[in-house]
Amino acid sequence: MSREVAAKLARVRGWLDEAGYDAALFDTAPGVAWVTAGLEDRVVRNEEPALVWALVTRSGAHLITTNIEAPRIVAEEGTDGFKLTAVPWYRPGGLAEVAERLAGGGR
């Protein structure tokens, strides 16, 4: 994991501790780019949420995307400190369902 990603994850986790939250979800292209130190959602749709989400919990860091984008992210962007989870591209609400489960709300 790069120093920049480690520092940003520590910063987010510090905020989680201070605010009393269990997780922080970054679902916009600029937010994901910030927390991952530059990962780009290259699918231009001119709308949010993005097709790549970043979820930071007290014990993990996750990238959530579609099964179409996942191979590109691994090949072109890398996952630097994040665990990648892919959902079928055609599944409505799939990214949100995974984010909720990973954050501990979908047990």
inquiry  = For region 74-81, check the following and say yes or no: at least one residue is open to solvent by less than 30 Å² (accessible area, probe 1.4 Å), among the hydrophobic types (A, V, I, L, M, F, W, C) and modelled with pLDDT of 90 or more.
reply    = no
message = Can you pull out every residue in region 10-26 that is open to solvent by less than 50 Å² (accessible area, probe 1.4 Å), closer than 19 Å to Leu102 by Cβ and free of Cβ contacts under 8 Å to residues at least 40 places away in the same chain?
response = Ala19, Ala24, Phe26
remark   = Per the filter on region 62-107, residues over 12 Å from Leu39 (Cβ atoms) and assigned to a loop (DSSP other than H, G, I, E, B) are Asn67, Ile68, Pro88, Trp89, Tyr90, Arg91, Pro92, Gly93, Gly104, Gly105, Gly106, Arg107
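I'm checking my understanding of the structure. Among residues of region 50-61 that are buried (at least 18 other Cβ atoms within 10 Å of the Cβ) and part of a loop (DSSP other than H, G, I, E, B), which one is modelled with the lowest pLDDT?
Applying the first criterion (buried (at least 18 other Cβ atoms within 10 Å of the Cβ)) to region 50-61 yields 50-57, 61.
The next check asks that each one be part of a loop (DSSP other than H, G, I, E, B); those that pass are 50-51.
Working: Ala50: 81, Leu51: 87.
Checked region 50-61; the qualifying residue modelled with the lowest pLDDT is Ala50.
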message = Looking at region 77-107 only, could you name the residues that are in contact (Cβ under 8 Å) with a residue 12 or more places away in the chain and either among the β-branched types (Val, Ile, Thr) or farther than 20 Å from Leu9 by Cα (or both)?
response = Thr79, Thr85, Ala86, Val87, Pro88, Trp89, Gly94, Leu95, Val98
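The values are calculated or read from the model by the stated rules, or taken from the named source; none is laboratory data. On a predicted model such as this, the values are computed, not experimentally measured, just so you know. Here the Cβ is made from the backbone with ideal geometry for all residues, glycine too, and neighbour counts use every protein chain on show. Side chains included, ligands, DNA and RNA excluded: accessible areas come from the protein's heavy atoms. Shrake-Rupley method; radii C 1.70, N 1.55, O 1.52, S 1.80 Å.
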